[in-house]
Amino acid sequence: MIASVSGEVLVRRTDHVVIDAAGVGYSLAVSAETLKAVPPVGGETRLFSHLVARDDSLSLYGFATDAERELFLKLISVSGVGPKVALAVLSGGAVRELLIAIAAGDAKRFQAVPGIGKRTAERIIVELREKVAGEIDGGDGEISITAAGPDDPRGLAREGLLNLGYSPAEAEGLLERASGETPEEIVQSALRAAAGASAA
């Protein structure tokens, strides 16, 4: 297994880079997020990597962080999500944002990714939601998200805000200022907080 590749950047394109490691040029497919961390041609870099072996090909995928690689591995474990589609998902935002979207059940975010339909987006949520919740809780402590149950009014309110078009981060921010006993009361309180912020 090729776990990482270090060396000089020989080629830097929108979908892949070539790194010269000890005289061997390795071509790694990368997400838009990883590409941001790759220096211009001639610079030195190190990418974490994962090799996908098929009957007719060997494809190497590169990642700026181990966290991105781990999310890639989780995504390709979902039925209907291949490596190219997983890279497209990773191109849609920082790893933490994507983890939050999964934990919050934000299927619409993934439906916007080329190659992902409604069923696949929902499958990503169902299969990965519990797996990523612990990773978010173990982050910087600013956002803690768990799956919403039938007796979890704030969780249901969060889902309601997501359905209204708010991003997971925006929904969390509004819920911090919201009050109420039922999901409806909490959503109404959150919307009043949003209106107050817009008027300020």
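About the Cα centre of the range 50-132, what is the dipole size in debye to 20, counting +1 per Lys and Arg Cβ and -1 per Asp and Glu Cβ, all else neutral? Please report the intermediate quantities before stating the final value.
Values: 12 positive and 10 negative charges, 55 e Å.
Here the range 50-132 has a charge dipole of around 260 debye.
At 0.36 nm per residue, and after removing the present C-alpha to C-alpha distance, how many nm does the segment from R154 to E176 gain when stretched out fully? Going from the current span to full extension adds 6.9 nm. Compared with the direct C-alpha span, the chain from A53 to E127 gains 24.3 nm at full extension, assuming 0.36 nm per residue.
Between T14 and N163, what FRET efficiency comes out of the Förster formula 1/(1 + (r/R0)^6) with R0 = 30 Å and r the beta carbon distance, rounded to 0.05?
Numbers: r = 33 Å, r/R0 = 1.11.
Plugging the Cβ-Cβ distance into 1/(1 + (r/R0)^6) gives 0.35.
Across the range 1-93, the relative contact order, built from alpha-carbon pairs under 8 Å that are at least six residues apart, equals 26 percent. Just checking the listed ones, I100, I124, I76: in the Gaussian network model of the chain with Cα springs under 10 Å, the one fluctuating most is I76. Computed 3J(HN,Hα) for the range 90-106, one whole-Hz value per residue from the Karplus formula 6.51 cos²θ - 1.76 cosθ + 1.60 where θ = phi - 60°, is 5, 6, x, x, 5, 4, 4, 5, 5, 4, 4, 4, 5, 5, 7, x, 7, glycine and proline marked x. Please find, in a Gaussian network model of the chain (springs between Cα atoms separated by less than 10 Å), the residue of V38, V52, V187 whose mean-square fluctuation is greatest. Highest fluctuation of the listed residues: V52.
Using Stokes-Einstein with the Kirkwood hydrodynamic radius over Cα pairs, what translational diffusion coefficient do you get for the range 34-135 at 20 °C and a viscosity of 1.002 mPa s, in µm²/s rounded to a whole number? Write out the running numbers ahead of the final one.
On the way: Rh = 14.3 Å.
In µm²/s, the coefficient rounds to 150.
Heavy-atom surface analysis with a 1.4 Å probe gives the chain a carbon and sulfur content of 51 percent of its accessible area. In the elastic network of the chain, a GNM with C-alpha springs shorter than 10 Å, the most mobile of G92, G43, G80 is G43. Which value in Å does the Kirkwood hydrodynamic radius of the chain take, with 1/r averaged over all unlike C-alpha pairs and then inverted? Every distinct Cα pair counted, the radius reaches 18.4 Å.
The values are calculated or read from the model by the stated rules, or taken from the named source; none is laboratory data. None of these values were measured; they are calculated from a predicted model. Cβ coordinates were reconstructed from backbone atoms using ideal geometry, including for glycine residues, and neighbour counts include every protein chain displayed. Note: accessible area is taken over every heavy atom of the protein model, side chains too, but ligands, DNA and RNA are not part of it. Shrake-Rupley method; radii C 1.70, N 1.55, O 1.52, S 1.80 Å.
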